[in-house]
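The values are calculated or read from the model by the stated rules, or taken from the named source; none is laboratory data. All figures in this text were calculated on a predicted structure; none of them were measured in a lab. Cβ placement follows ideal geometry from the backbone for every residue including glycine, while neighbour counts extend to all protein chains displayed. Just the protein is used for accessible areas: all its heavy atoms, side chains included, with ligands, DNA and RNA removed. Shrake-Rupley method; radii C 1.70, N 1.55, O 1.52, S 1.80 Å.
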Amino acid sequence: MIRINQKLKDKLWWLIISVDYDYSRIAIADHDLNGEILTLWLEDKQDFKNTLDECLQLDVPAKQFAKLIKEENLNSYEGSKMHPTKNYIYKTRIEINEPIAWYQDDATQTEQVWAREAILKRLLTQLIETEAHGIEEWV
């Protein structure tokens, strides 16, 4: 679960409302990953902004981004390994690299886009589900 403060939740809701609940209209205008934070700048695909200052800035801790990469198996593939002592082959997930290192060093540009879109999708899904759950408690 990604932690987001109330102010950011409100801004995300305004973005969702402004795209008429059509999440495919929400685009990542730009991104930046430093050691601690993945920053995404979000905008409406039908209302492109001139500067990043006009976009919604979303900061996601790198730990949570790494967790999502691992959960989505983006940094691994299905393969076969030989057991070190019993000499039999078994199928397993083979990790290419640690999640953030994979993203920065090994992932293609397309895979990096997929990872950023996955974090955005997870965040929007979480926002909708938690707010819907909150509404159900009032009913």
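If you go through the stretch 100-116 and pick out every residue that is hydroxyl-bearing (Ser, Thr, Tyr) and open to solvent by 40 Å² or more (accessible area, probe 1.4 Å), you end up with 2. All conditions in (1) under 19 Å from Arg116 (Cα atoms); (2) open to solvent by 30 Å² or more (accessible area, probe 1.4 Å) hold for Tyr88, with the sole exception of (1). Among the candidates Thr39, Thr51, the residue that is of a type in the set (Val, Ile, Thr), without any contact (Cβ under 8 Å) to a residue 12 or more places away in the chain and either touching a strand residue (DSSP E or B) at 6+ places or on another chain (Cβ under 7 Å) or farther than 13 Å from Leu120 by Cβ (or both) is uniquely Thr51.
Suppose we keep only residues that are among the aliphatic types (A, V, I, L, M) and more than 17 Å from the chain's Cα centre (by Cα) within the stretch 16-42. Which one would you say is surrounded by the most Cβ atoms within 10 Å (Cβ to Cβ)? Checking each candidate, the answer is Val19.
Across the stretch 43-52, a minimum of one residue is classified as in contact with a Cys (Cβ under 9 Å, 6 or more places away or on another chain), closer than 24 Å to Asp20 by Cα and crowded, with 16+ Cβ neighbours inside 10 Å.
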